[in-house]
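Readers should treat all values here as calculations from the given coordinates under stated rules, not as data from a laboratory. If you're wondering where the values come from, they're calculated on a predicted model, not measured in any experiment. No Cβ is skipped: glycine too gets one built from the backbone with ideal geometry, and neighbour counts run over all protein chains shown.
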Amino acid sequence: MRERRPPQGVPVSSTPLLLVHGATIASALWDAPLPGWSFMDRLARQGLHVFAVDLRGYGGSSRPACFSEPPDSSPAYARAADVVADVSDALDAVREWTGAAQVDLLGGSWGSVICGMVAAEHAVGRVRRLVLYAPLYAEPNYRPTWLPPVRGPFQEKMIEETVGAYRWVTIDALRARWDEEIPFADKSLWRPQGMLATMIAPYIENPGGGADGPAGLKVPNGTLVDLYRVFDGRPLYDCAQVTMPTLLIRGQADPISTRDDALRLLDGLGTSDKHYVDVANGAHFMVAERTSPRVQEIVTGFLQD
């Protein structure tokens, strides 16, 4: 669990904030080590006491035994139903550490699905406000560069058993996916130079490449099974059960979190205190792009309202 406190002299919000990452990059997405580019630091400077969890199989969390075996030795690891328990435990830990009765919750991409599930089913008395960043809910949306399409009837059990426990995501593949979303040849116009490599460097396996394959990350495949279902148009939770104030925020250039899906989710939320913001010049990972200050302003404005 990462933690960031407001600097000395900055008034501290009475409600701490827990950040939940998506399907590929762990909590490092919120805490980029490039000087001046940590989203957690930006939030803390505005008075928020911020925590960011690494879910099971990600980042600094303990490595499951199945990660030491070939991926096809076990079914997909870290399904949403299991990871919801991780977030629930993290909420209770933050409440215990800070003495706060409630916690604000922010989930990004696949993490927005997990946080939506928590908010709908496990949040009573524990979650004050909810932020869904790059929100996903239920829309057919297949992009060959990151999620192959499901052909024919959706067979969740078959997919769970055939994709394996984990997948190998190379640095080159992750960079190519991010680059595809930035509409300029010079990617540094949106993404600070060295951002990706610096952000994931501590978690790279086989960093030198070579006989064991290219440098990359081992990432749980439970996320893929969940996303197959989401992108088959079948939600993992009933958004009408989300009743706390909620903000949906996405980058206008994000091809994964689409405007149509976000607005469908917005319309279905069971709260009248709901807000939707499209951020110009931002993609899926915009908290680590040059538009990050704008994202921070929107998020803190909502949480401190």
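Of note:
- Annotation: peptides 178-191, 54-67, 220-233, ranked by per-residue average of other Cβ atoms within 10 Å with the highest first, follow the order 220-233, 54-67, 178-191.
- Cβ crowding within 10 Å ranks L43, L303 as L303, L43, fewest other Cβ atoms first.
- Each principal axis of the Cα cloud of the stretch 54-137 was taken in turn, and the coordinate range along them, longest first, works out to 43, 30, 19 Å.
- About its Cα centre, the chain has a charge dipole of approximately 480 debye under the convention of +1 per Lys or Arg Cβ and -1 per Asp or Glu Cβ, with nothing else charged.
- Efficiency of FRET between T170 and Q8 - r from beta-carbon atoms, R0 41 angstrom, step 0.05: 0.45
- Estimated FRET transfer efficiency when R0 is 41 angstrom, pair S62-A101 (beta carbons, to 0.05): 0.90
- Since only C115, Q193, A215 are under comparison, the one whose Cα sits farthest along the positive direction of the charge dipole of the chain, derived from C-beta charges on Lys, Arg, Asp and Glu, is Q193.
- For the stretch 1-98, a simple Cβ point-charge model (Lys and Arg +1, Asp and Glu -1, everything else neutral) yields a dipole of about 400 debye relative to the Cα centre.
- For the stretch 254-264, 3J(HN,Hα) per residue [Karplus equation, 6.51 cos²θ - 1.76 cosθ + 1.60, θ = phi - 60°, Hz, x = Gly/Pro]: 6, x, 8, 8, 8, 4, 4, 5, 5, 5, 4
- Only helical runs count toward this figure. For the chain, summing -39,500 (n - 2.57) over DSSP H runs of n ≥ 4 and dividing by all residues gives -9000 deg cm²/dmol at 222 nm.
- Relative contact order, percent, the stretch 2-303 [alpha-carbon distance under 8 Å, six or more residues apart]: 22
- Were the residues from D186 through I204 laid out at 0.36 nm apart, the gain over their Cα-Cα distance would be 4.0 nm.
- Electrostatic dipole magnitude of the stretch 221-305 [Cβ: Lys, Arg +1; Asp, Glu -1; Cα centre; debye, to 20]: 100
- Residue with peak Gaussian network fluctuation, the chain [Cα springs, cutoff 10 Å], from G108, G194, G251: G194
- Amide H contacts under 5 Å for Y276, placed H, 5+ residues apart: L248
- Residues in the stretch 1-28 reached by a label modelled at D89 [backbone nitrogen below 15 Å; 7 Å Cα→Cβ]: 1-2
- With each label modelled as a point 7 angstrom along the Cα→C-beta vector, the S272-Q193 pair spans 5.3 nm.
- For the stretch 155-305, the relative contact order works out to 25 percent when only alpha carbon pairs closer than 8 Å and six or more residues apart are counted.
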